[in-house]
Amino acid sequence: MARRRQLYEGKAKILFEGPEPGTLVQYFKDDATAGNGAKKGTITGKGVLNNRISEYLMTRLAEIGIPTHFIRRLNMREQLIREVEIIPLEVVVRNVAAGSLATRLGITEGQRLPRSIIEYYYKNDQLNDPMVAEEHITCFGWAATQDLDDMVALTLRVNDFLCGLFLGVGITLVDFKLEFGRLWENEEMRIVLADEISPDNCRLWDTKTGEKMDKDRFRRDLGKVEEGYQEVARRLGILPEAGPRDMSGPEVMQ
Ligand code: UDP
């Protein structure tokens, strides 16, 4: 079998050339980082769980008409996706005050916001992903006004849908981060949801107890990190068949 060409390695995922033009294979690692790489570790089985959770959420979103880069899951750690031109922005949605919002503005963590807030961060590791305003985004050409309008409309629909989906399984969607890409089809460009949606980029709290079931368990050394991710998958009804022990998954095929 031909070796697959690795195109990019990020902190939590690797991208390989896909089987057909315009496709990529997205491989989910167990590696975890926080504070822009300042804290490093592994969360056993995270890649398998995030692959499955992201597949599930992207599929549910596609069913309600949200365009995404996701095509299908290939195996425990890999999914086939459409190649898109990534817009260099992190779009963060907040429903409850937490993390950097709470720290920066001195707001008590856990306070429900009167309305959802959208924030933008410029994806640039060297600059530590600084927060930016619409003015910066259009001024420096990272996205056009129309692209931003499309991203905001999609983000609000994703937030509405995911809040309801998680609430149904006793989880509060506190905040999350989305990334978007441009997909070109016959000279036409569409903005589509890209990257992943998983406990790596969402804050998910048990609605009754407030217990954290996301990457904050790793960031803040709360312990039981694997268990948090597993619990999210379990509640969504998608824990891999052999249970938590079936998490190591296949290695990258070379
Ligand atoms: N987030 C992310 N990647 C980042 C920064 C933030 O996925 O590089 C997610 C994070 O998991 C949380 C939300 O975006 O769900 C808001 O994060 P925040 O700004 O509070 O930053 P943090 O406290 O994680 O540094």
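The values are calculated or read from the model by the stated rules, or taken from the named source; none is laboratory data. A quick note: this is a predicted structure, and the numbers were derived from the prediction, not measured. Note that we place each Cβ from the backbone using ideal geometry, even for glycine, and neighbour counts take in every protein chain shown. In case anyone asks, the SASA skips ligands and DNA or RNA and just uses the protein heavy atoms, side chains included. Shrake-Rupley method; radii C 1.70, N 1.55, O 1.52, S 1.80 Å.
Tell me which strands (runs of 3 or more DSSP E) are completely within the range 148-241 and hold 2 or more residues being under 26 Å from residue 69 (Cβ atoms) and more than 12 Å from the ligand (Cβ to nearest atom), or say none if there are none.
171-185, 188-194
Any residue at all in the range 5-22 that's aliphatic (A, V, I, L, M), away from the ligand (no atom under 16 Å from the Cβ) and open to solvent by 20 Å² or more (accessible area, probe 1.4 Å)?
Yes, there is a match, as at least one residue in the range 5-22 is aliphatic (A, V, I, L, M), away from the ligand (no atom under 16 Å from the Cβ) and open to solvent by 20 Å² or more (accessible area, probe 1.4 Å).
Which one of these does residue 136 not meet: (1) over 22 Å from residue 15 (Cβ atoms); (2) surrounded by 13 or more Cβ atoms within 10 Å (Cβ to Cβ); (3) within 13 Å of the ligand (Cβ to nearest atom)?
Result: residue 136 fails condition (3) only.
Among the residues of the range 100-107, are any in contact with a helix residue (DSSP H, G or I) (Cβ under 8 Å, 6 or more places away or on another chain) and within 14 Å of the ligand (Cβ to nearest atom)?
Checking the range 100-107: at least one residue is in contact with a helix residue (DSSP H, G or I) (Cβ under 8 Å, 6 or more places away or on another chain) and within 14 Å of the ligand (Cβ to nearest atom).
Applying the selection to the range 74-99, what residues are away from the ligand (no atom under 14 Å from the Cβ) and basic (Lys, Arg)?
77, 82
Say whether the condition of being at positive phi and polar (S, T, N, Q) is met by at least one residue in the range 167-188.
Looking through the range 167-188, at least one residue is at positive phi and polar (S, T, N, Q).
Could you check the range 228-242 and list, in sequence order, the residues that are under 14 Å from residue 51 (Cβ atoms) and modelled with pLDDT of 95 or more?
229, 230, 232, 233, 236, 238, listed by residue number.
So if I check each of 169, 232, 192, which one is of a type in the set (A, V, I, L, M), out of contact with any strand residue (DSSP E or B) (no Cβ under 9 Å at 6 or more places or on another chain), open to solvent by less than 50 Å² (accessible area, probe 1.4 Å) and in contact (Cβ under 8 Å) with a residue 40 or more places away in the chain?
After ruling out the rest, the residue left standing is 169.
Within the range 35-50, which residues are farther than 14 Å from residue 226 by Cα and either at pLDDT below 95 or away from the ligand (no atom under 16 Å from the Cβ) (or both)?
The first filter runs over the range 35-50 and keeps only residues farther than 14 Å from residue 226 by Cα, leaving 35-40.
Result: 35, 36, 37, 38.
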